[in-house]
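This report concerns only the one structure given below.
The values are calculated or read from the model by the stated rules, or taken from the named source; none is laboratory data. Values in this document were obtained by computation on a predicted structure and should not be read as measured data. Note that we place each Cβ from the backbone using ideal geometry, even for glycine, and neighbour counts take in every protein chain shown. In case anyone asks, the SASA skips ligands and DNA or RNA and just uses the protein heavy atoms, side chains included. Shrake-Rupley method; radii C 1.70, N 1.55, O 1.52, S 1.80 Å.
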Amino acid sequence: MSKMTPQEMAARIGGGLLSFPVTPFNADYSFDEATYRANMDWLCGYDVAGLFAAGGTGEFFSLTPSEVPHVVKIAVDETKGRVPVLAGTGYGTAIAREIAVGAEKAGADGLLLLPPYLTHAEQDGLAAHVEAVCASVKIGVIVYNRDNAILQPDTLARLCERCPNLVGYKDGIGDIELMTRVYTRLGDRLTYIGGLPTAETFALPYLDMGVTTYSSAVFNFVPEFGTGFYAAVRRRDHQTIHAGLKDFILPLIAIRNRRKGYAVSIIKAGMKVIGRYSGPVRPPLTDLNEQEIGELAALVAKLPQAAAQQAAE
């Protein structure tokens with residue numbers, strides 16, 4: 001059981017960079033616990049405000065409901081309280097509640113509630129879904145506004161009144177008007193997280209709308225770049241931000257956009273590039289081919305030179 005209150009968790013994650021560690025698999029797609037432990041311990045050595053176990057980049061969608069709490073428990077055991085650990089949950093309401101309860105028992109400090117499975121619903125139905133998950137646990141819950149789960153400001157306001165442990169709002173659609181209306185309506189009642197892929201692209205304009213943190217997938221394999229870019233965003237260092245976008249993020253996005261599902265696959269490829277191979281992605285995703293891995297490796301190889309040059313300036 002987490003020792004943090006929902007509000008304490010929200011304050012912690014709102015003050016720094018967030019990331020979603022990959023879930024390592026063996027060649028037969030079974031969970032590779034030893035590699036996961038090593039990766040979590042390594043990432044905790046960097047300035048990160050929270051890690052999301054079994055999140056989107058962690059292939060939540062390919063894990064079974066029983067695997068999620070197990071992955072979360074390993075993450076909690078390995079981080080040893082150094083950073084908050086949040087867990088993914090989702091699918092239909094009954095399954096989402098079941099996973100949420102299991103994640104809380106495993107020691108998660110909070111939950112990210114992903115959109116329901118493959119169905120669209122009215123605001124009342126989405127609100128009932130969120131409220132049911134919040135009521136099933138005592139830890140903090142973050143809603144992910146994305147795809148088929150777009151909560152409007154009035155709905156969010158009602159949920160905030162009814163659910164004290166609803167403490168976060170992650171935006172994954174990039175609707176600036178909606179984001180502005182949400183923040184204007186709810187202010188500091190919620191912690192706001194940038195969740196567009198790739199979040200670095202939108203980090204600076206979102207900061208001006210009250211979104212103080214975002215989830216960085218690339219932190220998995222280039223943590224120095226990830227934390228340095230976040231620091232540049234917080235100090236509004238336009239020169240460093242635009243250099244990072246031009247030299248690394250935008251070329252990476254160009255590779256990612258070549259095939260469907262590469263948003264996750266390219267992060268696992270990055271782990272391979274840096275010598276922390278974390279296995280294949282589970283079907284139906286597909287891995288990058290060798291040429292694409294080579295292109296990614298070339299991008300990563302340029303980063304230390306760029307960092308050294310910036311330090312010298």
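Structure values in brief
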item	result
Net +/- balance of residues flanking R181 in space, Cβ distance below 13 Å, scoring K and R +1, D and E -1	-3
Segment 132-176: radius of gyration and largest Cα-Cα distance (Dmax), Å	10.7, 32
For segment 68-81, Karplus couplings with θ = phi - 60° (6.51, -1.76, 1.60), whole Hz, Gly/Pro x	4, x, 5, 4, 4, 4, 4, 4, 5, 4, 7, 6, 6, x
5 angstrom amide H check on T191, placed H, neighbours 5+ away	G168, Y169
Long-range HN-HN contacts of F25 with modeled amide H, under 5 Å	D32, G279
Dimensions in Å of the chain - Rg and Dmax from alpha carbons	18.4, 56
Ordering of 205-216, 229-240, 45-56 by burial proxy (mean other Cβ atoms within 10 Å per residue, highest first)	45-56, 205-216, 229-240
GNM result for the chain, Cα springs below 10 Å: residue of I13, I274, I249 fluctuating most strongly	I274
Helix 153-162 vs. the chain, principal-axis angle (Cα, 0 to 90°, nearest 10)	60 degrees
Principal-axis tilt of helix 223-234 within the chain, Cα atoms, nearest 10 degrees	60 degrees
Accessible surface of segment 30-161 [probe 1.4 Å, protein heavy atoms]: carbon and sulfur percent	54 percent
Long-range HN-HN contacts of S215 with modeled amide H, under 5 Å	G194
Per residue solvent-accessible surface (Å²) - the chain, probe of 1.4 Å	43 Å²
